[in-house]
Amino acid sequence: MANQKIKIAIIDLYNGEENQGMRCIQDHLYEMDTIYERVPMEYKIYDSRLKEEDAGLDHDIYISSGGPGSPFEGVGQKWEDDYFRLLDGIYNHNQRSDRKKYVFFICHSFQMMARFFGFGEVMKREKKSFGIIPFNLTEDGKNDPIFSHLTNPFYGADFRGWQVIHPDYKKLIELGGKILAMERELAAVYVEPAMMAVRISDEIMGTQFHPEADPPSMYYHFRQPERKVQVVEQYGEKAYYDMILQLENPVNIYNTKKTVLPGFLRNAIENLAELKEVV
């Protein structure tokens, strides 16, 4: 079993938009390939939203990316139908198979995850979130095998025009799911905090922030003149300079980057390769 190749799918939901997220996800996979050099692995990118590429069920690990726009704009489109059919196939596979499939959802994908599993209400934010933001761990988060290694509060890169709020606790209990982290700063005084991290099972989880975010590349990206103009126009000058200040002292976000997605990948790889201890 240890010699069986682990197949990884990166599901690209960026819809052709320029981003750093896809490179950062691949960097994490390169790191895992180095750490677990005796475990054969391969990955493939599926441009699901723009090119309607379907990853299918022939993979062991899935990482579904962030992306722009509304999590509802794919309703009635082939790519969304294929995406939800894939999630249904993975979930049903895990109910009956000992060799589980692992899925991690990021930001836009987290909102799609919430739509699929129905554990909360997906709605537009009154004010867009932009920057390096502190989040609170829940009691379940403090005891989670991955999130327990974060500080409380911890920091994450958060760029959202949408949010998942109003947890459906009955549905979460039915699924065996847990809320791991919550928003600290409300989008509006009449709206409760958004869920920022949810675990559906040992194998399926997601974050509404970007755990893959890399401070140096973010700093370079947002220091470009055209990006600065775009951010200031959309979010205001204060939000822009607050984020740049955080990126110039990136200790907090580094802790999130080295903990969340690597923790998920380590757990998946070690279980799939039947490793009893860290290689």
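The values are calculated or read from the model by the stated rules, or taken from the named source; none is laboratory data. The structure presented is a predicted model; accordingly, all values stated were derived computationally and were not measured. All Cβ positions, even for glycine, are placed from backbone atoms using ideal geometry, and neighbour counts span all protein chains on display.
Numbers at a glance
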read-out: Selection from segment 46-67 of residues that are part of a loop (DSSP other than H, G, I, E, B) and in contact with a Gly (Cβ under 9 Å, 6 or more places away or on another chain); value: ASP47, GLY56, LEU57, SER65, GLY66, GLY67
read-out: Search result, residues across segment 33-78 that are small (Gly, Ala, Ser), surrounded by fewer than 19 Cβ atoms within 10 Å (Cβ to Cβ) and either at negative phi or touching a residue at least 24 places away in the same chain (Cβ under 8 Å) (or both); value: GLY56, GLY69, SER70
read-out: All positions within segment 225-257 that are of a type in the set (A, V, I, L, M) and either closer than 30 Å to ASP60 by Cβ or within 21 Å of the chain's Cα centre (by Cα) (or both); value: MET243, LEU247, VAL251, ILE253
read-out: Tally of residues being assigned to a helix (DSSP H, G or I), among the hydrophobic types (A, V, I, L, M, F, W, C) and surrounded by 20 or more Cβ atoms within 10 Å (Cβ to Cβ) across segment 1-32; value: 3
read-out: Residue list for segment 93-143, restricted to those being closer than 23 Å to ILE6 by Cβ and surrounded by 15 or more Cβ atoms within 10 Å (Cβ to Cβ); value: ASN94, LYS100, LYS101, TYR102, VAL103, PHE104, PHE105, ILE106, SER109, MET113
read-out: Residue list for segment 258-274, restricted to those being surrounded by 15 or more Cβ atoms within 10 Å (Cβ to Cβ) and either free of Cβ contacts under 8 Å to residues at least 60 places away in the same chain or over 14 Å from the mean Cα position of the chain (by Cα) (or both); value: ARG266, ASN267, ALA268, ILE269, GLU270, ASN271, LEU272, ALA273
read-out: Members of segment 189-209 that are out of contact with any Asp or Glu (no Cβ under 8 Å at 6 or more places or on another chain), at pLDDT 95 or above and not in a strand (DSSP E or B); value: ILE200, SER201, ASP202, GLU203
read-out: Residue within segment 210-226 that is outside any loop (DSSP other than H, G, I, E, B), in contact with a strand residue (DSSP E or B) (Cβ under 7 Å, 6 or more places away or on another chain) and modelled with pLDDT of 80 or more present; value: yes
read-out: Hits in segment 115-134 (condition: without any contact (Cβ under 8 Å) to a residue 60 or more places away in the chain and either in contact with a Ser or Thr (Cβ under 7 Å, 6 or more places away or on another chain) or aromatic (Phe, Trp, Tyr) (or both)); value: PHE116
read-out: Where a residue in segment 193-217 is in contact (Cβ under 8 Å) with a residue 40 or more places away in the chain and its partner, wherever it lies, is aromatic (Phe, Trp, Tyr) and part of a strand (DSSP E or B), with Cβ under 6 Å and at least six apart; value: MET196/PHE135; GLU203/TYR102; GLY206/PHE105
read-out: Flag for SER148 being surrounded by fewer than 22 Cβ atoms within 10 Å (Cβ to Cβ), farther than 20 Å from GLY236 by Cβ and not β-branched (Val, Ile, Thr); value: yes
